[in-house]
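A short reminder: the numbers here are calculations on the coordinates, not readings from a lab. Here the structure is a predicted model, which is why all the values come from computation and not from measurement. Every residue, glycine as well, gets a Cβ built from its backbone with ideal geometry; the counts of neighbours run over all protein chains shown.
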Amino acid sequence: MSANKGLLSSTLGMVGHNKRYIFWFWLLNLTLAEFGTSAFRKSAHAILDHSFAADRLVHAFDLSVMIELLMRPESGQMSAMTTPALYFAGLFFLATALFLPGVFQGYASTYRLPREDFFRACGRNLWRYIRLMIVAGIVMGIVAGLLFALNGALVKRAGESTNELLPFEVQVTGLGVIFLVMATLRIWFDLAEVDIVLSDQRTVRKSIGAAFRHTFRYLGRLLASYLLATLVAAVILLAGLWAWMTLVRPESLWGAFVIGQLTLLLLLIPRFWQRGVAVSYWQQKMMIPIVPMRPMELRPTEPHPIEPKSVPIAVVSDGAPVVPEPPSTTPES
């Protein structure tokens, strides 16, 4: 529990020091949503500006009027209104793949990451990140398809029982298991994303393998952190819906806009919190420490004193010294 608390506290501090990333992603989402809904807005204006039914959508939300609006021939084809929204949703997906490496680099830095370093991390890891997301999409799609098919078969088999509540119980239990499995896969690929960026790993499969080992080695700790962030997101969503239904008057357009955008902004916090959990865990468990190289210290050795040797010198009468020959080492016979 103390280790998990340390992971959560370090993550909250990390996210708190980088609040600007949450704001910029919210602003990007708002801008792309504005462009994505432009086609529907033009079509709705052309009809509702000359119809008394507009009052039932301005001062309240009447679902039957909305359905009638979409079914009228003047609205055009449904694909003409939904296709721009799908395009800009895909653009937001690509923008997320582009900017998240810079977010990871900013989270791991002990200082405010400069703009140049942020975009440098984004550009260097873009192709690696896209390859990883392709692998994650394939794996998650296959696993989710198999789990939903298995859950459907179990519910169908439970329907043959005489217990009327058994199919519902089996379905709810199956959905809970699917949620936990998909959350585990999400943790796995989140750790792989962080390892690719912070380790500057060019080989994607090495990061996937390392993340897989760490995910299942510390699954309880990581899953508890992710589930706590998911619970916070659920509370924010319910609070936003309650505020929309109780505090916003039906005719208040700006009130609905403010409450809706504030809810979306707050919903980004748990998601970035989960990203911070992955970065914090990588720093604690997956980062390879770099040992600084120090120059080898050589201890000065004391020189051995050289003992002077005395050589006898014979002096003759003319003053010239004569050095006697050294004694012969030949053994006497």
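Table for the structure above
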read-out: Calculated log₁₀ intensity ratio I(q)/I(0) where the Debye formula runs over C-alpha points of the stretch 135-183, q = 0.15, 0.27 Å⁻¹; value: -0.42, -0.93
read-out: Cut-off 15 Å between beta-carbons: net charge of the residues surrounding Lys19, Lys and Arg +1, Asp and Glu -1; value: +4
read-out: Mean separation of Cα contacts under 8 Å (6+ apart) over length of the stretch 124-220, as relative contact order %; value: 31 percent
read-out: For the stretch 217-276 versus the stretch 106-139, the gap between their alpha-carbon centres in whole angstrom; value: 25 Å
read-out: Theoretical gain in end-to-end length, Val232 to Val143 [0.36 nm per residue, Cα-Cα removed]; value: 29.4 nm
read-out: The stretch 233-243 - phi-based ³J(HN,Hα) in whole Hz, Karplus 6.51/-1.76/1.60, Gly and Pro as x; value: 4, 5, 5, 4, 5, 5, 5, x, 5, 5, 5
